[in-house]
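Here the structure is laid out as structure tokens; the discussion comes afterwards.
The values are calculated or read from the model by the stated rules, or taken from the named source; none is laboratory data. Small disclaimer: the values here were computed from a predicted structure and weren't measured. Note that each Cβ is placed from the backbone with ideal geometry, even for glycine, and that neighbours are counted across all protein chains shown. Each accessible area value is taken on the protein alone, full model and side chains, heavy atoms only, with ligands, DNA and RNA left out. Shrake-Rupley method; radii C 1.70, N 1.55, O 1.52, S 1.80 Å.
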Amino acid sequence: GASGGSTINVPPGAAPRDLTLTASSYPSEALPPGPQQLNLVSVVGPVFDLGPSGTTFKFEVTLTLDYDQTKVSNVPGMQLVAHTYSELTGRWEPLPSSVVNTIYRTVTAKT
């Protein structure tokens, strides 16, 4: 996994060409502006910069991200949603397919 329980699952044939995926840890204090600066969203797990930038897959890719239980004690589990940053719009976009697993402390989403 990328960090702890975090994984990226790319189905066979989903990549447009032979490529090497990268997942770099990104410090949450250096995030681009978004809802977290308005106190509408809290960062409760690791943030990754996935590359190569601009890659579009032929099929959905599944991201499983772990979260820090101590940061969600006041947040109902179903309100945890993975987000992706759109460089095109300059906005953080929620991934509506987000599913929370409170046993493994992960959020899984397709993108």
(message) Just to be sure I understand, how many residues within segment 55-86 are in a loop (DSSP other than H, G, I, E, B) and over 16 Å from Ser6 (Cα atoms)?
(response) 11
(message) Restricting to segment 71-83, count the residues that are β-branched (Val, Ile, Thr) and either open to solvent by less than 60 Å² (accessible area, probe 1.4 Å) or modelled with pLDDT under 85 (or both).
(response) 2
(request) Return the residue satisfying two criteria in turn: it lies in segment 48-67 and is in contact with a Gly (Cβ under 9 Å, 6 or more places away or on another chain) and open to solvent by 30 Å² or more (accessible area, probe 1.4 Å), and of such residues it is farthest from Lys110 (Cα to Cα). (result) Asp66
(message) Would you confirm, using the coordinates I've provided, whether Pro12 is part of a loop (DSSP other than H, G, I, E, B) and either under 14 Å from the mean Cα position of the chain (by Cα) or modelled with pLDDT of 85 or more (or both)?
(response) yes
(request) Taking Gly34 as meeting all but one of (1) more than 22 Å from Ile103 (Cα to Cα); (2) at pLDDT 85 or above; (3) surrounded by 15 or more Cβ atoms within 10 Å (Cβ to Cβ); (4) not aromatic (Phe, Trp, Tyr), write down the number of the exception. (result) (2)
(request) Working only within segment 87-111, note down all residues that are assigned to a strand (DSSP E or B), in contact (Cβ under 8 Å) with a residue 24 or more places away in the chain and more than 12 Å from the chain's Cα centre (by Cα). (result) Arg91
